[in-house]
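Every read-out reported here was derived from the displayed coordinates using simple, explicitly stated rules and does not represent laboratory data. The shown structure was predicted, so the numbers you read here are calculated from the model rather than taken from an experiment. In this analysis, Cβ positions are derived from the backbone assuming ideal geometry, glycine residues included, and neighbour counts consider all displayed protein chains.
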Amino acid sequence: MHTLYATLGSGNCYKIELVMHQLGIAYRTEFVDVLSGETRQADYLAINPKGTVPFLRLPDKRTIAESNAMLWYLASGSDLAPKSPYDQAMAVEWMIFEQTRLEPNISPARFFTSIVPARRDEKRQAIMDWQRKGRESLMLLNNHLRNRDFVAGNSYSIADIAIYGYVHVADEGGFDLAVYPAIKAWIDRVASTPSYIAMNILRAAA
C-alpha cells in the first residue's frame, strides 16, 4: 500500500489524494503538522530528508518527493495520463506554470489570509504582491480555458488535478474567482468527475 505523508489544507497534498482516490489506488495517510514544525524534526527528516510534504512512499519502499512527479507516476497508463506527445507536452507546460506562477502566489496569500490570519497585517504588503501576480496568472489560465473544457487535450487529466489543487481555493487567498468565468466553469467540471473528493474530507485510508 502507498503511504502519503501530508498536511491538512495543502493543495499540493490534496492533488495526490485526489488522483489516488479517482484511480482506486490503495493508500494510507500519515498527517504531518507543518505549523508546529514537525517537518523539521529528526523523526520526519529520517523519513524525508528534504523536509517537505507531500511525500509518497511506494509499496516497494521507494519514494517520491514532488507533487507533480507523484501525479505522473501514479497516473501512468491510466485515463488520467495525457496520451499524445503534444498533450503530454501541454500537461508539462501547464504543470510547470502551476508550480511557478500559480502556487507560489495563491498558496502564501491563502496561508496568511485564511490559515494563519493573525499574521495578515504583518504580511499585508507581501499579500498584495502575491495577489497582484496571482491575478495576472489566473487571467492567463482563464484565457486558456475559454474555449476548452480541460487544460491539456480534450479530457480530464493530471494537468487539471495539478492546477485545481490551489486554484479552486484561491478565494481563500483574497482572489475573486467571479472575475474568471472560464475558471469557475472548469472548477465545476473537475468537481463533477467520477470519484471526486473535496479537500476538506479527512480520511486515513481509501
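In this simple spin-label approximation, residue 66 and residue 149 carry label points 7 Å from Cα along the Cα→Cβ vector, and these lie 3.1 nm apart. Rounded, prolate or oblate, given the Cα gyration tensor of the stretch 85-191, with a/c below 1.5 counting as rounded? Prolate, since a/c reaches 1.5 and a/b exceeds b/c. Considering only 85, 194, 109, the residue lying farthest towards the positive end of the dipole of the chain is 109, judged by Cα position with unit charges set on Cβ. Remark on the stretch 156-205: Rg and Dmax equal 11.7, 37 Å (Cα only). 3J(HN,Hα) couplings calculated from phi for the stretch 118-128 with the Karplus curve 6.51 cos²θ - 1.76 cosθ + 1.60 (θ = phi - 60°) are, in sequence order, 4, 9, 4, 5, 4, 9, 3, 5, 5, 4, 4 Hz; Gly and Pro show x.
From helices alone, the chain scores -13500 deg cm²/dmol at 222 nm; the rule is -39500 (n - 2.57) for each run of n ≥ 4 DSSP H residues, then divide by the residue total.
Among 174-185, 16-27, the peptide with the highest mean count of other Cβ atoms within 10 Å heads the list, and the full ranking is 16-27, 174-185.
Within the stretch 1-95, which trypsin sites (Lys or Arg not before Pro) sit in a loop by DSSP and count at most 14 neighbouring Cβ atoms inside 10 Å? Write down the numbers at each step before the final one.
Values: sites: 15, 28, 40, 50, 57, 61, 62, 83; in loops: 50, 61, 62, 83.
Answer in residue order: 50, 61, 62, 83.
Put simply, the amide H of residue 32, placed in the peptide plane, has neighbours under 5 Å in 6, 7, 8, leaving out anything fewer than 5 places away on its chain.
The length gained by stretching the chain between residue 28 and residue 196 to full extension, at 0.36 nm per residue less their Cα-Cα distance, is 58.7 nm. Local charge sum around residue 154 (other residues, Cβ-Cβ under 9 Å, Lys/Arg +1, Asp/Glu -1)? That works out to -1. Comparing Cα centroids, the stretch 32-77 and the stretch 1-17 end up 9 angstrom apart.
Ellipsoid semi-axes for the chain, based on the Cα gyration tensor and the rule √(5λ), read 25, 24, 14 Å when sorted largest first. Legend: Rg and Dmax of the stretch 2-75, from Cα coordinates, 11.5, 33 Å.
Listed by chain and number, the lysines whose C-alpha is less than 30 Å from the C-alpha of residue 133, apart from same-chain residues fewer than 8 away, are 15, 50, 123, 184.
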